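Q: Shown below is the structure under consideration.
The values are calculated or read from the model by the stated rules, or taken from the named source; none is laboratory data. Treat the numbers as computed from the prediction; the structure is a model and nothing was measured. Virtual Cβ from ideal backbone geometry, glycine too; neighbours counted across all protein chains shown. When the accessible area is computed, the model is the full protein with side chains, heavy atoms only, and any ligands, DNA or RNA have been set aside. Shrake-Rupley method; radii C 1.70, N 1.55, O 1.52, S 1.80 Å.
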Amino acid sequence: MTNSVPMTTRGFEMLKAELNQLKYHDRQRIVRDIEEAREHGDLSENAEYDEAKNAQGLLEARIRDIEQKLAGARVIDTSTLSGDKVVFGATVTMENIDSGAEVIYRIVGADEADAKRGLLSIESPVAQALIGKHVGDLARVRTPGGLREFEVTEVKF
């Protein structure tokens, strides 16, 4: 992976914790599951063994994925940011032009995103439409339901 992966300090620490869990706890559990399944006899017809080996493959793939993300991480300490322009790490308050509804999102890394908690991935169409905007600017976002317009009403860090 040659591209840097933007993430907040919190996101970086969350990935490190997940990697630790996978490598030093889950990996050992799967090894035990494989050993136990081997004791049940013929491996060619052993569903428990197949399941444990599949779980091992998925676990190792996730470990590699996290290691690549951490190696390419561009950690952004959002506590040092300020200004009135929407950038990675900003919390943006905006108003839906059509409905008048207010929405608040914080723009974070992809692994931290959780729209229900107001954490929006930097890779999402909404975040991409917001980047570089200032208070009073309109952001136009093409959604499955059509074109939506939002006015940026506040930017904070």
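Q: May I ask you to list the residues in the range 1-51 that are open to solvent by less than 60 Å² (accessible area, probe 1.4 Å), more than 19 Å from D111 (Cβ to Cβ) and among the aromatic types (F, W, Y)?
A: Of everything in the range 1-51, just one residue is open to solvent by less than 60 Å² (accessible area, probe 1.4 Å), more than 19 Å from D111 (Cβ to Cβ) and among the aromatic types (F, W, Y), namely Y49.
Q: Collect the residues in the range 127-142 that are modelled with pLDDT of 95 or more and either in contact with a Gly (Cβ under 6 Å, 6 or more places away or on another chain) or open to solvent by 30 Å² or more (accessible area, probe 1.4 Å) (or both), keeping them in residue-number order.
A: Filtering the range 127-142 down to residues modelled with pLDDT of 95 or more leaves 127-140.
Matches in the range 127-142: Q128, I131, G132, K133, H134, V135, G136, D137, L138, R140.
Q: Still on this structure, please answer the following. I'm checking my understanding of the structure. Among residues of the range 88-105 that are within 17 Å of the chain's Cα centre (by Cα) and crowded, with 20+ Cβ neighbours inside 10 Å, which one is nearest to M14 (Cα to Cα)? Talk me through it step by step, then tell me what you get.
A: Keep residues of the range 88-105 that are within 17 Å of the chain's Cα centre (by Cα), which gives 88-91, 105.
Going one step further and asking which of them are crowded, with 20+ Cβ neighbours inside 10 Å, we end up with 89-90, 105.
Working: G89: 16, A90: 19, Y105: 20 Å.
Only one residue tops the list, namely G89.
Q: Out of the residues in the range 136-157 that are of a type in the set (V, I, T) and out of contact with any Lys or Arg (no Cβ under 9 Å at 6 or more places or on another chain), which is farthest from K85 (Cα to Cα)?
A: Within the range 136-157, the first condition is being of a type in the set (V, I, T), and the residues that meet it are 141, 143, 152-153, 155.
If we keep only those that are out of contact with any Lys or Arg (no Cβ under 9 Å at 6 or more places or on another chain) as well, we get 143, 153.
Working: T143: 23, T153: 11 Å.
Within the range 136-157, the match that is farthest from K85 (Cα to Cα) is T143.
Q: Also: Within the range 65-87, can you find the residues that are surrounded by fewer than 17 Cβ atoms within 10 Å (Cβ to Cβ) and among the basic types (K, R)?
A: R74, K85
Q: Residue pairs, Cβ under 6 Å, 6 or more apart or interchain, first in the range 39-59 and over 14 Å from R27 (Cα atoms), second polar (S, T, N, Q). List them.
A: Between residues of the range 39-59 that are over 14 Å from R27 (Cα atoms) and residues that are polar (S, T, N, Q), the close pairs are H40/N46.
Q: Closer than 20 Å to G109 by Cα, among the aliphatic types (A, V, I, L, M) and either under 14 Å from the mean Cα position of the chain (by Cα) or at pLDDT 95 or above (or both): is that true of L70 in this structure? Please lay out each step first, then the result.
A: Details: closer than 20 Å to G109 by Cα: yes; among the aliphatic types (A, V, I, L, M): yes; either under 14 Å from the mean Cα position of the chain (by Cα) or at pLDDT 95 or above (or both): yes.
The answer is yes for L70.
Q: What about A61, is it among the small types (G, A, S), surrounded by 15 or more Cβ atoms within 10 Å (Cβ to Cβ) and modelled with pLDDT of 95 or more? Reasoning before the result, please.
A: Values: among the small types (G, A, S): yes; surrounded by 15 or more Cβ atoms within 10 Å (Cβ to Cβ): no; modelled with pLDDT of 95 or more: yes.
Considered against the rule, which asks whether it is among the small types (G, A, S), surrounded by 15 or more Cβ atoms within 10 Å (Cβ to Cβ) and modelled with pLDDT of 95 or more, A61 comes out as no.
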